[in-house]
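So the structure is just underneath, and the comments pick up after that.
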Amino acid sequence: MKRWLIGITVVVVLGIGVWWLVTPGEEATLRTATATKTDVVQDVSFTGRVVPQEAAVLSFELAGVVQEVSIEVGDTVAVGDALLAQDPATVELELAAAQADLASAKEQAKLVWQADRTAQQQLTTENEETRLKKRQAVIDAKAEVDQAEVVYQRTSDANGDEAVVSETALATLRTKESAYHAAQQALAETLETINKTNQAAIDATALSRAKYLATTQAASNVSGLSTLAATQELAKLRVAKSQLVSPLAGVVTAVELEVGEFAAAGQAVVTVATVDQLKLTAAVPETDATKVAVDQAATITFDALPITDEFVATVSHVAPAATLIEGVPTYTVELLLAQPEQRLKPGLTANVIVHIERRASVVAVPRRAVARKGATQTVQVVQPDGSAMEQEVQTGLVGSDGQLEITRGVAEGDQVVVSVGNE
């Protein structure tokens, strides 16, 4: 109830104020504007710079003295063209040492393999000789058993089992049988030992052969030896890295060192850029960057060219995160020109107007004609008798030129109060 009374009171007071302002005989005058159908356009303006679409700032991975400079600023280069080179003496020595280590490891591994293979062959031969001897001992012992059995049978047949000579022959037979069984046991044990030692020799030879092959094939599954091959490849890479080559086709835009100067590792020494393929980049404050989106159209002018020369561009990228510049959050925005232009050079200052949104043929009034009361927006519409009446309105797009779209409450041709002044 109280809010309703307060609202009525505010309306009455405003009505009285407007009536007083337009009462004949007073000096107060109304400045008005006509609600018209027009295009309301919202733009965002900022400045940027012309930069190459692609650029590579190159540096040496290792420190060294520059031995050769093959290019100058302005030279056109292709992918893979030589640019600068360091004195390769140090890295070439490292490569030679790595190659020598690998060659030594190869020879050593080969000798070990050959020695294991020879030892295996000798062991196999010796084991075979031992096997044959043990086998022959079993055969000989069996022959003696057979002979002793014949003697015993004859003696027993001639003298009977109870005779002393028969018992002596039987004892001899039992001795020969024991010797035969012992020979068989010795043969079995010998065969088991031979199999174990032969297999151990085969395994040792296979391992040493694998280690040797690892020095020639850089097998990663053999510990230690593949490291030598990797060291050699790394040394080759370091030799290759002593020369800088262009990673892209373009123009040399900067050369920082001359022959004889020292290049620190990671120090920028040459820049290559695609100057025939340019883009615009700008740091846009967060209040404007939130309105800018990819594929929006833009109009571009350049300080170095006549103001009448306008170029069309399209927003191609808006950074997802802000960068602080002097404490102000800004977002990097990139734009691509619709057509290449020979007059444009990297570094030129660009004046960018991004067309955020456009509402065609809508009713609009000056923004200052609209007042806000809480969630309600109103205008003062001039009546036929010259008085002004408050009218609630709904608004749309705010134009960059100060025009405000009216979607409800004002018709085309209506006069709205912009300000009140005294003559």
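The values are calculated or read from the model by the stated rules, or taken from the named source; none is laboratory data. None of these values were measured; they are calculated from a predicted model. FYI the Cβ positions are ideal-geometry reconstructions off the backbone, even for glycines, and counts take in every protein chain you see. SASA here: full protein model, heavy atoms, side chains in, ligands and nucleic acids out. Shrake-Rupley method; radii C 1.70, N 1.55, O 1.52, S 1.80 Å.
Odds and ends about this structure:
- Residue satisfying all of: in region 281-308; in contact with a strand residue (DSSP E or B) (Cβ under 7 Å, 6 or more places away or on another chain) and over 23 Å from residue 42 (Cβ atoms); most open to solvent (accessible area, probe 1.4 Å) among these: 303
- Checked against the criterion of being under 27 Å from the mean Cα position of the chain (by Cα) and open to solvent by 40 Å² or more (accessible area, probe 1.4 Å), the candidates 278, 324, 335 yield just one match: 324.
- Region 356-376, residues that are hydrophobic (A, V, I, L, M, F, W, C) and without any contact (Cβ under 8 Å) to a residue 40 or more places away in the chain: 370, 371, 375
- Inter-residue pairs, beta-carbon under 6 Å, first open to solvent by less than 80 Å² (accessible area, probe 1.4 Å) and in region 126-149, second among the aromatic types (Phe, Trp, Tyr) and assigned to a helix (DSSP H, G or I), 6+ apart: 141/180; 142/180; 145/180
- Qualifying residue in region 30-40 (condition: more than 23 Å from residue 242 (Cβ to Cβ), of a type in the set (S, T, N, Q), in contact with a strand residue (DSSP E or B) (Cβ under 6 Å, 6 or more places away or on another chain) and not in a strand (DSSP E or B)): no
- Note on region 51-68: residues that are surrounded by 14 or more Cβ atoms within 10 Å (Cβ to Cβ), modelled with pLDDT of 85 or more and over 30 Å from residue 299 (Cβ atoms) total 3.
- Per-region count, region 309-320, residues without any contact (Cβ under 8 Å) to a residue 12 or more places away in the chain and either among the basic types (Lys, Arg) or open to solvent by 60 Å² or more (accessible area, probe 1.4 Å) (or both): 2
- Taking every residue in region 280-295 that is at pLDDT 90 or above and pairing it with any residue that is exposed (fewer than 12 other Cβ atoms within 10 Å of the Cβ), at least 6 positions away or on another chain, the pairs with Cβ-Cβ distances below 6 Å are 283/325.
- Conditions (1) on the phi < 0 side of the Ramachandran plot; (2) in a loop (DSSP other than H, G, I, E, B); (3) not basic (Lys, Arg); number of the one not met by residue 266: (1)
- Residue 80 touching a Ser or Thr at 6+ places or on another chain (Cβ under 9 Å) and surrounded by 13 or more Cβ atoms within 10 Å (Cβ to Cβ): no
- Region 258-275, subset in contact with a Leu (Cβ under 7 Å, 6 or more places away or on another chain) and among the aliphatic types (A, V, I, L, M), residue surrounded by the fewest Cβ atoms within 10 Å (Cβ to Cβ): 265
- Neighbours by Cβ (under 6 Å, 6+ apart or cross-chain): first from region 251-262, assigned to a strand (DSSP E or B); second open to solvent by 40 Å² or more (accessible area, probe 1.4 Å) and at pLDDT below 85: 251/275; 262/65
- Check on residue 213, open to solvent by less than 50 Å² (accessible area, probe 1.4 Å), without any contact (Cβ under 8 Å) to a residue 12 or more places away in the chain, closer than 30 Å to residue 120 by Cα and out of contact with any Gly (no Cβ under 6 Å at 6 or more places or on another chain): yes
- Taking the criterion of being within 28 Å of the chain's Cα centre (by Cα), closer than 18 Å to residue 336 by Cα and in a loop (DSSP other than H, G, I, E, B), the residues of region 283-319 that qualify are 292, 293, 294, 295, 319.
Table: residues versus (1) out of contact with any His (no Cβ under 9 Å at 6 or more places or on another chain); (2) assigned to a helix (DSSP H, G or I); (3) modelled with pLDDT of 90 or more.
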residue	(1), (2), (3)
190	yes, yes, yes
195	yes, yes, yes
215	yes, yes, no
222	yes, no, no
233	yes, yes, no
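- Among the residues making up region 239-250, those that are over 25 Å from residue 333 (Cβ atoms) and assigned to a strand (DSSP E or B) are 243, 244, 245.
- Hey, residue 107 over 60 Å from the mean Cα position of the chain (by Cα), open to solvent by 50 Å² or more (accessible area, probe 1.4 Å) and under 26 Å from residue 209 (Cβ atoms) or not: no
- Every residue from region 28-50 that is open to solvent by 40 Å² or more (accessible area, probe 1.4 Å) and within 30 Å of residue 271 (Cβ to Cβ): 47, 49
- The residues on offer are 420, 352, 365, and the sole one that is touching a Leu at 6+ places or on another chain (Cβ under 7 Å), open to solvent by 60 Å² or more (accessible area, probe 1.4 Å) and either part of a strand (DSSP E or B) or aromatic (Phe, Trp, Tyr) (or both) is 420.
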